[in-house]
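Colleague: Please find one structure pasted underneath; my questions will follow.
The values are calculated or read from the model by the stated rules, or taken from the named source; none is laboratory data. Just so it is clear, the model here is predicted, and its values are computed rather than measured. Backbone-built Cβ (ideal geometry, glycine too); neighbour counts: all protein chains shown. SASA here: full protein model, heavy atoms, side chains in, ligands and nucleic acids out. Shrake-Rupley method; radii C 1.70, N 1.55, O 1.52, S 1.80 Å.
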Amino acid sequence: MKKSLVLVINCGSSSLKFSLMEPNSGEEVFNGIAQCLLLNNASISFKMNGEKQELSLKAPFDHDVAISALVAFINNNHLFHQITAIGHRVVHGGEKYCHPTLITPKVKQQVHKLAKLAPLHNPANLVGIEAAEKVFGHLAQVAIFDTAFHQTMPEKAYIYGLPYSLYKEHGIRRYGFHGTSHYFVAKQASIHLNKPLEQCNLISAHLGNGCSISVIADGKSVDTSLGFTPLEGVVMGTRSGDVDPGIIFYLVNQLGYSLDQVDNLLNKESGLLGISGLSNDCRTIEAELLSGNVRAKLAIDVFCYRIAKKIASFSASLQTLDGLIFTGGIGENSSTIRGLILNQLSLLGFTVDEQLNLEKRFGQQGNINSTNSRACWVIPTNEEWVIAEQTQRLLTSIGE
Ligand code: ADP
């Protein structure tokens, strides 16, 4: 039977992830990723019906070549005519975009303008949009912004303790990221709670290479740990999270760092990698922890303590708390990290069920709290499904 499918595209500077989906059920027809773009070892892989296929890409190894290979795969599988729209992940929508948005030349201009707030991401997202427009020009293209879900934060949560003019004149405020993921897992939690999302009060911890904690009151984001950039908040894989800004002056004035070196240090050499001196990969650090490596232990202790502290501090944003959600590569798979975080949150009424916690990995969803505890779930995120579903919903509402 002919289906209506949405192609979801998440384009980075050297990668392009894609997923073809049935937007109502979230059923995925295939997914894949083009990697090492702009390098001569660029490749593309497709996963369909459990089988993986990998191909080398041809010169000039760019996003257009990746999209052409994707279209060839779509045609070979006779799927082209079933695609009804393209949904793009766009990282920064600033204050302007708080809803799914039909992409027009004006919207592209705005996304380009917002690149000053997300210089690594928005230009790459635009490259993906333009590459897709060349071959899917007959279809509507929709932008789903990673910042959109957090646009409901109140002023007191997004204003920094800086001169107000910096916000008014230059947009320097907290925006937050990972919004699509926090929205998805909150919606899933509302199903566990058997009540509408609009009545749910939750804290969600998205723990992957990038990490963020969000607090959701009556279904809306009211605070989140990532800020003006994805550097603020808890300790991440290679990012420092919150540090005393005075350290930057010390690095520059006393230790002779250039600003580029500070940027690199805080974004790429810190976090789990910087503390452990081993890796940003949580699996490696956990393995070293088991063999008694003290720096691995320190990295995990700092990581978990900072997250527990952030979760506890976010309880100040809520009148009531229905539960806590873990998601992202670490949140979905690491019982060690989840257990260490929950053990520091007993004052909030959390206690972990060791067996349930151990069982939750590789995409399993459900509670990990003990019977007398406040609810805590592991919920695998699915940003692609949100993008497909919101794309379809927008197009239906405007009669496309
Ligand atoms: P990204 O932010 O790049 O999307 P992911 O959400 O894929 O990242 O998460 C990547 C992180 O998840 C890595 O630190 C990886 O070590 C961790 N991870 C994946 N599987 C496991 C596991 N079984 N145990 C512990 N950590 C895991």
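Colleague: Relative to the present Cα-Cα distance, how much length would full extension add between Asn40 and Gln261 at 0.36 nm per residue of separation?
Modeller: Gain on extension, Asn40 to Gln261, equals 76.8 nm.
Colleague: Could you go through region 220-235 in sequence order and give the Karplus-derived ³J(HN,Hα) for each residue, using 6.51 cos²θ - 1.76 cosθ + 1.60 with θ = phi - 60°, rounded to whole Hz, and x for Gly and Pro?
Modeller: Result, ordered by residue: 10, 5, 10, 6, 7, 7, 6, x, 5, 10, x, 9, 6, x, 6, 5 Hz.
Colleague: Taking the alpha-carbon centroid of each part, what is the distance from region 3-46 to region 281-295 in angstrom?
Modeller: Between the Cα centres of region 3-46 and region 281-295 lies a distance of 33 Å.
Colleague: How many angstrom separate the Cα center of region 105-139 from the Cα center of region 369-400?
Modeller: For region 105-139 versus region 369-400, the Cα centre distance is 24 Å.
Colleague: With no solvent and one point per C-alpha, what does the Debye sum give as log10 I(q)/I(0) for region 295-371 at q = 0.20 Å⁻¹?
Modeller: Normalising to I(0) and taking log10 leaves -0.91.
Colleague: Let me ask something else about it. Would you calculate the convex hull of the Cα atoms in region 60-122 and tell me its volume per residue in Å³?
Modeller: Measuring per residue, one finds 114 Å³ for the Cα hull of region 60-122.
Colleague: Still on this model: Which percent of the accessible area of region 40-122 is formed by carbon and sulfur heavy atoms (probe 1.4 angstrom)?
Modeller: Working: 2420 of 4590 Å².
Of all accessible area on region 40-122, carbon and sulfur atoms account for 53 percent.
Colleague: So if I take the alpha carbon set of the chain, get Rg, then get Rh from the Kirkwood formula, what is the Rg over Rh ratio?
Modeller: Values: Rg = 21.3 Å, Rh = 22.2 Å.
Rg/Rh for the chain comes to 0.96.
Colleague: If you don't mind, there's one more thing I want to ask. For Asn209, which sequence-distant residues (separation of 5 or more, or a different chain) have an amide H within less than 5 Å of its own amide H, given hydrogens modelled in the peptide plane?
Modeller: Distant-sequence amide H within range of Asn209: Gly329.
Colleague: Helix-only estimate, please: 222 nm mean residue ellipticity of the chain, summing -39500 (n - 2.57) across DSSP H runs of length 4 or more and dividing by its residues, to the nearest 500.
Modeller: Calculated from helices alone, the mean residue ellipticity at 222 nm is -11500 deg cm²/dmol.
Colleague: Would you grab the residues whose amide H sits under 5 Å from the one on Gly241? Only those 5+ places off in sequence or on another chain, please, with H modelled 1.01 Å from N.
Modeller: Sorted by chain and number, the residues that satisfy this are Met236.
Colleague: If you don't mind, there's one more thing I want to ask. For region 272-288, what does the Karplus curve 6.51 cos²θ - 1.76 cosθ + 1.60, with θ = phi - 60°, yield as ³J(HN,Hα) per residue in whole Hz, taken in order and with x for Gly and Pro?
Modeller: 4, 5, x, 6, 6, x, 10, 5, 8, 8, 4, 5, 5, 5, 5, 5, 5
Colleague: Measure off 7 Å from each Cα along the Cα-to-Cβ vector at Glu198 and Leu298, then give the distance between these two points in nanometres to one decimal.
Modeller: Distance between label points: 5.1 nm.
Colleague: Obtain the nm distance between the two label points defined at Arg393 and Asn31 by a simple spin-label model: each point lies 7 Å from its Cα along the Cα-to-C-beta direction.
Modeller: Here the answer is 2.0 nm between the modelled labels.
Colleague: Step through the residues of region 51-67 one at a time and calculate ³J(HN,Hα) from phi using the Karplus curve (6.51 cos²θ - 1.76 cosθ + 1.60, θ = phi - 60°), rounding each to whole Hz and writing x for Gly and Pro.
Modeller: 9, 10, 10, 10, 10, 7, 9, 9, 4, x, 6, 9, 5, 5, 5, 4, 5
Colleague: Can you give the extra length, in nm with one decimal, that the chain gains between Val252 and Gln355 once fully stretched, where that is 0.36 nm per residue apart less the Cα-Cα distance?
Modeller: 32.2 nm
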